[in-house]
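The values are calculated or read from the model by the stated rules, or taken from the named source; none is laboratory data. The structure presented is a predicted model; accordingly, all values stated were derived computationally and were not measured. So basically every Cβ, Gly included, is an ideal-geometry build from the backbone, and we count neighbours across all protein chains shown. Ligands, DNA and RNA are excluded from the accessible area calculation, which covers all protein heavy atoms including side chains. Shrake-Rupley method; radii C 1.70, N 1.55, O 1.52, S 1.80 Å.
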Amino acid sequence: MLAVLAALALLLAPAAAAQSTKPLKRGSHGARVEQVQRWLGLTPDRIYGPATKRAVKRFQRRHGLTVDGIVGPATWRALRRAAHARHASRHSGRISRHAAVRQLQRALGIAADGIFGPATKAAVKRFQRAHGLTADGIVGPATWSALGHPGRTIVLKRRGGGHRAGASGIVARVIAAGNRIATTPYKYGGGHASFDDSGYDCSGSVSYALHGGGLLSSPLDSTGLMSWGRPGRGRRITVYANSGHAYMVIDGRRFDTTGRASTGTRWQPQGRSSAGYVARHPAGL
């Protein structure tokens, strides 16, 4: 009996292995389809339908893969790498303020006492000037990236009377950046190879505006924005993203490529439903 079971197991093993590596396409179903849907930020139903195929094709297009809507080995590996990178980025920013200030001070080559005082602010501004960043003494993602810590999302600034002014300054710069590209053409993939482009797509537009405020060091697609910053809505800035689209609300104003064709601007006069979107915000804002 044991011999029969062993032989049966040997016969079934190749079929099971083939099933686990079989490409996923429209009509496929099961746990692997559910995993792909979760990686893409879709509501998982374990059925590879039209919405899943469209999301896969968008992902493939943005990652330089063959755009066929089929999840073969190359697309599976790329999806897994992207998911792991988002997970690492999400957790790398979880650090106490005191520890983050000490890390900042060590990176700047000054005494690491964990206190963001006048000397630390002055050192930050010198570093920012030397690296072509906005010299405001506020350490956001762009400054962290220049310091060699691209995963950091915690925003550091000198506490006290300047906190509100500092936050207002960041928001003002994000708005100013949004104004600069508000009427530029929509261009699929625009703003992703470089912040300086002739047109911008949805996530490229959001990335450009965030970069203007020193909140983003390199462009992100809509999937990347799903794990950017902190979870939930912000007090002043909220980014809404899913696997196919991204937009932003700043002080109640919607910055969105949807509607640009009719209004002539990315600043939209009305809100929109955020159902199906992940809400993220910059720390402190």
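Data overview
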item: Residues of segment 133-148 satisfying the condition of being free of Cβ contacts under 8 Å to residues at least 60 places away in the same chain and either more than 18 Å from R159 (Cα to Cα) or not in a loop (DSSP other than H, G, I, E, B) (or both); result: V139, L147, G148
item: Looking only at segment 194-228, and only at residues there that are in contact (Cβ under 8 Å) with a residue 60 or more places away in the chain, of a type in the set (S, T, N, Q) and touching a Gly at 6+ places or on another chain (Cβ under 7 Å), the one that is surrounded by the fewest Cβ atoms within 10 Å (Cβ to Cβ); result: T223
item: Filter pass, R233 being among the charged types (D, E, K, R) and either free of Cβ contacts under 8 Å to residues at least 40 places away in the same chain or in contact with a Ser or Thr (Cβ under 6 Å, 6 or more places away or on another chain) (or both); result: no
item: Filter result (of a type outside the set (A, V, I, L, M, F, W, C), under 18 Å from A193 (Cβ atoms) and at pLDDT 85 or above) within segment 59-84; result: Q60
item: Qualifying position, being hydroxyl-bearing (S, T, Y), at pLDDT below 85 and open to solvent by less than 60 Å² (accessible area, probe 1.4 Å), among S92, S96; result: S92
item: Any chance H149 is modelled with pLDDT under 85 and either closer than 19 Å to Y240 by Cα or under 20 Å from the mean Cα position of the chain (by Cα) (or both); result: yes
item: Qualifying position, being open to solvent by 20 Å² or more (accessible area, probe 1.4 Å), in contact with a helix residue (DSSP H, G or I) (Cβ under 7 Å, 6 or more places away or on another chain) and assigned to a loop (DSSP other than H, G, I, E, B), among G244, G276, G271; result: G244
item: Complete set of residues in segment 107-125 that are part of a helix (DSSP H, G or I) and over 27 Å from the mean Cα position of the chain (by Cα); result: P118, A119, T120, K121, A122, A123
item: Options A142, A112, A135; residue that is open to solvent by 20 Å² or more (accessible area, probe 1.4 Å) and within 22 Å of S218 (Cβ to Cβ); result: A135
